[in-house]
Amino acid sequence: MKIITDGNFKHKISEFYIQTFSLLFFPDDNIFSKNNAGDNYIKIFINQEKKDEDIIDISVDICYNKKNISQSEKIINGSKDFIIYIGKLFYKTAGEITGIYPPWGIHTGIRPVKTAGDILEKNNFNEIKTHEILCDDYLMNKNKAALAIETYKNGKNAVECVGARIARPQTNANLMIYTDDQWSPLQTNDFSLYISIPFCPTRCRYCSFVSFSTPRLLKLIPEYIKKLINEIELVSKITRDMRLKTVYIGGGTPTTLDCESLENILNAVKNNFNFSNLLEYTVECGRADTITEDKLELLKSFGVDRISVNPQTLNDDILNKIGRRHTIEDFFRAFESARKVGIKNINTDCITGLPDETESSMINTLETLAGLKPENITIHSLCLKKSSELKNEKVYISNTPDLNNVLEKNYDILKSAGYKPYYMYRQKYAVGNLENTGFCLDNCECLYNIYMMDEIQTIFGVGAGAMTKLVKDGRIERIANYKYPYEYIEHDFQINRDNNKEKLKMLED
């Protein structure tokens, strides 16, 4: 697919945006080059008229599989962002050729909630006006626009009203019971800690995360934990004048580790950080086949108050097909064990669009999960990337149920059961160009998820594949750790590099 840009305003065109957007419509022709020898092309023209500098001509011409359609428009210079006009023309032209009209319109980013929030705030929190802009300018489906606005409001309310939460119970010397007047709103010296455990008992066939499951790679665990603890100690020194608000231990599957290994990590966190301002402590247990009552008791003893127990689907045949080495009964057992131990906040994940799963099966999973009343339920849309075993280059698959319709039905089920959406993100190659949305019962939001997705708090990431995100006064700097455990073990910490030390200085200003 050739991408051709022309006109005296062509510098206003983001080719990356066009390439990203093109994958939704033309996934089988995703090699972009000006010298592409094929007949398919996308030509975008944006030009300022010499006789009237207030008028801008924009046109989109697409040729795909010998079908050619073009559309054009004259706009007033400065009336709106050029990308909105280009995106709308592209959407209409590509839609006419393919019959595909993505439900999120021309929005290609992973954070539609952040976009909705920005528009809402600029319009004095006028929801009707914001909904109109999302539908008219961004061409979002009405339900998607409403979901983005609702999710933003719920997430914002959770952050602003965090002081109303029940004080954390005292479980060790570092955890304190304190009253509402000791809580304070989000501050610039607040931070969260993410700890990466990139190991799993087996690899799910849809997985594209950095996770290691073979016996040879699992042998890296002891050495990995030693290095991880060293980085935890280093980050504790960097953040000594900051307030730790949430801890999230994710993966992979952290409970792949045995109790001794888990305890070593939990002790490192406990001994190096002040928990007096801690609001939330999450461990992503995930796979039911890794969860034991001993591990749950251990987590509880260290103040962990939120975990994930993720079935993905309550269909044993599908579980087997996607490489999950556990059954529905294993999930129920793990969930009940977590309740028995006294974990107060449990998340359960499910995936919409797994291979060969029917609409009735997906809806049954949601109805059953809602009946268990976990505090959080997260609905993911299947996303198959190049590094996953299940390959799929197409966002729209003809032999699947209407997944957007399934999602809408599942959202209705959750809302009827008392759940509300509070965070959301989207992924490239998600089936149906759909979203991942976290729902919760009242006052049970995962604050870490909001802080991370809305980019409103500094998050220090330790471990292989982890990302540190420094946030201050609207500025964001990122520090990426080595991706693979063996790289992470062999090299010095990325946070020690000179250019990254410079980034850290922004927190001192």
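The values are calculated or read from the model by the stated rules, or taken from the named source; none is laboratory data. In this text the structure is predicted, and so the values were computed from the model without any measurement. For neighbour counting, all protein chains shown are included, and Cβ atoms are generated from backbone atoms with ideal geometry for every residue, glycine included.
Annotation note: of SER276, SER261, the sole residue that is part of a helix (DSSP H, G or I), of a type outside the set (D, E, K, R) and more than 26 Å from THR352 (Cβ to Cβ) is SER261.
Which residues, counting only those in segment 114-142, are in a helix (DSSP H, G or I), in contact with a helix residue (DSSP H, G or I) (Cβ under 7 Å, 6 or more places away or on another chain) and over 24 Å from LEU89 (Cβ atoms)? Residues satisfying the conditions are LYS114, GLY117, LEU120, GLU127. Is there a residue in segment 47-65 that is among the charged types (D, E, K, R) and at pLDDT 95 or above? Yes, segment 47-65 contains a residue that is among the charged types (D, E, K, R) and at pLDDT 95 or above. Among the residues here, ILE3 qualifies as touching a strand residue (DSSP E or B) at 6+ places or on another chain (Cβ under 7 Å) and surrounded by fewer than 19 Cβ atoms within 10 Å (Cβ to Cβ). In segment 93-102, the residue that is farthest from ASP402 (Cα to Cα) out of those that are surrounded by fewer than 20 Cβ atoms within 10 Å (Cβ to Cβ) and in contact (Cβ under 8 Å) with a residue 40 or more places away in the chain is ILE97. Note on segment 356-382: among residues that are in a helix (DSSP H, G or I) and among the β-branched types (Val, Ile, Thr), the one that is farthest from the chain's Cα centre (by Cα) is THR368.
Count of segment 131-153 residues, restricted to those that are closer than 20 Å to LYS420 by Cα, crowded, with 21+ Cβ neighbours inside 10 Å and of a type outside the set (A, V, I, L, M), is 3. No other residue among ARG333, ARG339, ARG324, ARG306 is of a type in the set (Lys, Arg) and either under 23 Å from MET467 (Cβ atoms) or not assigned by TED's automatic domain parsing to the domain that holds GLU359 (or both) apart from ARG306.
Every condition in (1) touching a helix residue (DSSP H, G or I) at 6+ places or on another chain (Cβ under 7 Å); (2) modelled with pLDDT of 90 or more; (3) within 30 Å of PHE439 (Cα to Cα) is met by ALA94 except one, and the failing one is (3). Here ASP330 fulfils each of the conditions (1) closer than 24 Å to LYS373 by Cβ; (2) of a type outside the set (S, T, N, Q); (3) more than 25 Å from the chain's Cα centre (by Cα); (4) not in a helix (DSSP H, G or I) apart from (4).
Only one of the numbered conditions (1) in contact with a helix residue (DSSP H, G or I) (Cβ under 7 Å, 6 or more places away or on another chain); (2) buried (at least 22 other Cβ atoms within 10 Å of the Cβ); (3) modelled with pLDDT of 90 or more is not met by ASN404, and that is (2). When LYS300, LYS295, LYS270 are checked against the criterion of being modelled with pLDDT of 95 or more, among the basic types (Lys, Arg) and surrounded by 20 or more Cβ atoms within 10 Å (Cβ to Cβ), a single residue qualifies: LYS295.
Taken across segment 306-322, residues that are among the basic types (Lys, Arg) and modelled with pLDDT under 90 do occur, with at least one present. Across segment 453-509, the number of residues qualifying as on the phi > 0 side of the Ramachandran plot and either in the same structural domain as LYS156 (by TED's automatic domain parsing) or surrounded by 12 or more Cβ atoms within 10 Å (Cβ to Cβ) (or both) comes to 3.
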